[in-house]
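Colleague: Please find one structure pasted underneath; my questions will follow.
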Amino acid sequence: MSKRDYYEVLGIQRNASDEEIKKAYRRMAMKYHPDRNTGDSNSEESFKEVKEAYEVLSDSRKRAAYDQFGHSATEGGFGGGGPGMGGMNFSDIFGDIFGDIFGGGRAGPQRGSDLRYNLDISLENAVTGSTVELTIPTLAACKECHGSGARKGASPVTCKDCQGYGQVRMQQGFFSVQQTCPTCRGKGKLILDPCGECRGKGRQRQNKKLSVKIPPGVDTGDRIRLGGEGEAGEAGAPPGDLYVQINVKQHSIFERDGTNLLCEVPISFTIAALGGELDVPTLNGRVKLKIPAETQSAKVFRLRGMGVPPVRGGTSGDLLCKVTVETPVNLTAKQRELLKEFESTISADNAHNPKSSSWFDRVKKFFEEMKF
Ligand SMILES: [Zn+2]
Ligand SMILES: [Zn+2]
């Protein structure tokens, strides 16, 4: 039994709006609903037909495919991902829906797939920029036939059944439905004498070497597009694009926050108290950082312009050095003595401990309020 046209099934025009499709579906579904037509096998069939038509026409992608390729567009199901590297492959999705899975329906040779390459780079390379050599396993144009798929000296001939359009019109009920040409499977051309190297496909698996410029300032999540460096197209169709997905690796000293770099600097409690100078690392080398007397733990010193340049240009971010005052360990008896002596000179009041004095004041007030 040949399938009825979905628009005909729902009793609507081909240019019906989504709302009209929904209304028509409700009306037809009510009419043929099994609960209302118990035992009537004809209406059960009609109900299934209505449901199927609605499933396709209410989905804009499926509807577009159906409009273009007729029922052959909806045969089979959705498949898994196609070939490619490291995850999602954009034109594979497109290809699956309008191509292989829906019965090979496509007009003309297909553009090559986009590829994604996940690239891990060091923070140093991300900040200064670099050139990276990549080896990418991909489908490239066949070297023997230069992508045509035909044996040397021969060339593909135009398909007689579709005159090269890749589509043929079929009469279905009152409607004339466009379908993929079964002779050339939508390519519009036939290879009568296929290339031995690629078996007529025009493409071969190859490891392509590419040199990619990484601009200064890139960050994790940035994507560099290399137009035309994806998979070769079918039979001379345009190639896809290559997307290099950047991942900046963790650094042992610096943490990145946009264009700023954060760095933790441990200082001794005597330096913190008396002040001093110490060397701190930056991505451009050593820099002297002046620690003023009476520096508290967690104080952040800002070194302007020592961060990361924005990838789209502009002034660089800052290097933020956060000091941590260290408690001395492994003390000798002598050192212990000195510290005790030191403590005895300041324990009388909290004048030397700014945080403690204000903290004890607040605790005292809290106890009073709570009547502890
Ligand atoms: Zn070839
Ligand atoms: Zn054809």
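Colleague: Return the only residue of 188, 173 being near ligand 2 (Cβ under 8 Å from one of its atoms) and at positive phi.
Modeller: 188
Colleague: Also, quick follow-up: Name, by its number, the condition in (1) within 11 Å of ligand 2 (Cβ to nearest atom); (2) in a loop (DSSP other than H, G, I, E, B) that does not hold for residue 168.
Modeller: Going through (1) within 11 Å of ligand 2 (Cβ to nearest atom); (2) in a loop (DSSP other than H, G, I, E, B) one by one, residue 168 breaks only (2).
Colleague: Here is a further query. When you look at residue 195, is it within 16 Å of ligand 2 (Cβ to nearest atom) and in the same structural domain as residue 133 (by TED's automatic domain parsing), yes or no?
Modeller: Here the answer is no, as residue 195 does not meet what is asked.
Colleague: Quick check on this structure: which one of 11, 76, 39, 84 is at pLDDT below 80, open to solvent by 50 Å² or more (accessible area, probe 1.4 Å) and farther than 20 Å from residue 186 by Cβ? First the steps, then the outcome.
Modeller: Working: 11 fails: at pLDDT below 80; 76 fails: farther than 20 Å from residue 186 by Cβ; 84 fails: open to solvent by 50 Å² or more (accessible area, probe 1.4 Å).
Only one candidate passes the filter, namely 39.
Colleague: Hey, another quick one. Which of (1) within 33 Å of the chain's Cα centre (by Cα); (2) more than 16 Å from ligand 1 (Cβ to nearest atom); (3) open to solvent by less than 70 Å² (accessible area, probe 1.4 Å) does residue 167 not meet, given it meets every other one?
Modeller: (1)
Colleague: Need at least 2 residues that are closer than 23 Å to residue 125 by Cβ per element, so show me which strands (runs of 3 or more DSSP E) inside the range 235-325 make the cut, counting only ones lying wholly within it.
Modeller: Strands (runs of 3 or more DSSP E) meeting the threshold: 242-248, 254-257, 260-268, 276-282, 285-291.
Colleague: Filter the range 179-190 down to the residues that are open to solvent by 60 Å² or more (accessible area, probe 1.4 Å) and either under 21 Å from residue 66 (Cβ atoms) or not in a strand (DSSP E or B) (or both), then identify the one that is nearest to ligand 1 (Cβ to nearest atom).
Modeller: Per the criteria, the residue is 187.
Colleague: Can I ask one more? Yes or no: the range 151-163 includes at least one residue that is surrounded by 15 or more Cβ atoms within 10 Å (Cβ to Cβ), away from ligand 1 (no atom under 14 Å from the Cβ), of a type in the set (Val, Ile, Thr) and in a strand (DSSP E or B).
Modeller: Looking for residues that are surrounded by 15 or more Cβ atoms within 10 Å (Cβ to Cβ), away from ligand 1 (no atom under 14 Å from the Cβ), of a type in the set (Val, Ile, Thr) and in a strand (DSSP E or B), one finds none in the range 151-163, hence no.
The values are calculated or read from the model by the stated rules, or taken from the named source; none is laboratory data. The structure presented is a predicted model; accordingly, all values stated were derived computationally and were not measured. A quick note on method: Cβ atoms are made from the backbone with ideal geometry, for glycine too, and the neighbour counts reach across all protein chains shown. Protein only, heavy atoms only, side chains kept; ligands, DNA and RNA dropped before computing areas. Shrake-Rupley method; radii C 1.70, N 1.55, O 1.52, S 1.80 Å.
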